[in-house]
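Colleague: Starting off with a structure, shown below.
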Amino acid sequence: MVIAIALAGEPDLIIADEPTTALDVSIQDQILTLIRDLCQQKNVGCMLVTHDMGVVANVTDRVAVMYRGDLVELGTTEQVLCRPNHPYTQSLISAVPRSDIKLKRFPLVSYIESAEVTSSLDVKTHWLGQSEDQRSYSGALLQVENVNLRFITKDSFFESRREYVQASNNVSFEIHEGETFGLVGESGSGKSTIARVIAGLYPPNSGRVVFEGIDLTALRVKPSAVRCVVRCRWYSRTRIPR
């Protein structure tokens, strides 16, 4: 029903924030297949916010990886999953357990910023690397350019005494018509923050969001023409039946 409501206004872009969390595998597959097929049939762009690497491998065309507010890697799904460059992406993929091996303990994301040497990962043998060839696109529907956003954690009358947390740091990417774009990272990495910036719920401290040639961050009031083409699907635990 939520997807139907989001599509009722015939948007050009759908932002799906954890759309399949807490769903069983069969329903999850149906929802993801529906989103992908509708985006292709209606030529609608879709940004899929998730921490599920299996979903990324099966659904997305391109993917961006975030870590502590930074966009650390961006590329086609095949490129990011099979040939990751950043140590965090490598660690994130290696932490995904295989379905054919029984584990006594789940692997952890081992990337540490201060580490000078990181263990190598042969992603060619990992099941996430077995993805289909990706399609090519031309023309950007959405452009996120150097978006920075920080939140005040401790307020003060004196600006020098205020404390902040950096939620996003110079994040940039594009989404094309008919493309499903994955925004990936652990909880707290800044995925949903970027989604809310795009939707106009959070004004960025710097940078801009350009949708169909319109700089949304420069508009004080979002025109109805812009509001009706962007639809968000936020995950809420209150929707889970007890």
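The values are calculated or read from the model by the stated rules, or taken from the named source; none is laboratory data. Values in this document were obtained by computation on a predicted structure and should not be read as measured data. Methodologically, a virtual Cβ is constructed for each residue, glycine included, from the backbone with ideal geometry; neighbour enumeration extends over all protein chains shown.
Colleague: Is it the case that some residue within the stretch 59-69 is outside any helix (DSSP H, G or I), among the basic types (Lys, Arg) and at positive phi?
Modeller: Scanning the stretch 59-69, I find at least one residue that is outside any helix (DSSP H, G or I), among the basic types (Lys, Arg) and at positive phi, so the answer is yes.
Colleague: Which numbered condition trips up Ala22, out of (1) hydrophobic (A, V, I, L, M, F, W, C); (2) modelled with pLDDT of 85 or more; (3) assigned to a loop (DSSP other than H, G, I, E, B)?
Modeller: (2)
Colleague: In the stretch 71-89, how many residues are assigned to a helix (DSSP H, G or I) and within 13 Å of the chain's Cα centre (by Cα)?
Modeller: 1
Colleague: Among the residues that make up the stretch 35-54, is at least one of them at pLDDT below 85, buried (at least 18 other Cβ atoms within 10 Å of the Cβ) and within 14 Å of the chain's Cα centre (by Cα)?
Modeller: yes
Colleague: Restricting the search to the stretch 6-19, which residues are among the small types (Gly, Ala, Ser) and modelled with pLDDT of 85 or more?
Modeller: Selection gives Ala16 alone.
Colleague: Would you point out the residue of the stretch 184-242, among those that are acidic (Asp, Glu) and within 21 Å of Arg62 (Cα to Cα), that is modelled with the lowest pLDDT?
Modeller: Result: Glu186.
Colleague: Can you pull out every residue in the stretch 60-91 that is within 29 Å of Leu34 (Cβ to Cβ) and of a type in the set (D, E, K, R)?
Modeller: Listed by number, the residues that qualify are Asp61, Arg62, Glu73, Glu78.
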